[in-house]
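A.B. asks: The structure under discussion is supplied below as structure tokens; questions concerning it will follow.
Values quoted throughout were computed directly from the atomic coordinates according to the rules given, and no laboratory measurement underlies them. Just so it is clear, the structure is predicted and the values come from calculations on it, not from any experiment. Here the Cβ positions follow ideal geometry from the backbone for every residue, glycine too, while neighbour counts run over all protein chains shown.
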């Protein structure tokens with residue numbers, strides 16, 4: 001993850017990290033964070 005972060009910091013254009021998206025294009029936020037938030041908010 002550190003190497004991935006270093007590569008991202010060296011780029012001039014902001015892009016999502018490869019580790020934050022799946023092969024279906026659904027983001028980590030949609031798969032993990034949003035469902036957890038819904039459970040906690042209930």
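A.B. asks: Say we look at region 20-42 and pick out the residues that are part of a loop (DSSP other than H, G, I, E, B) and loosely packed, with under 10 Cβ neighbours inside 10 Å; which of these is nearest to the chain's Cα centre (by Cα)?
C.D. replies: 25
A.B. asks: Quickly run through region 5-19 and pick out the residues that are within 14 Å of the chain's Cα centre (by Cα), in a helix (DSSP H, G or I) and exposed (fewer than 12 other Cβ atoms within 10 Å of the Cβ).
C.D. replies: Within region 5-19, 5, 18, 19 qualify.
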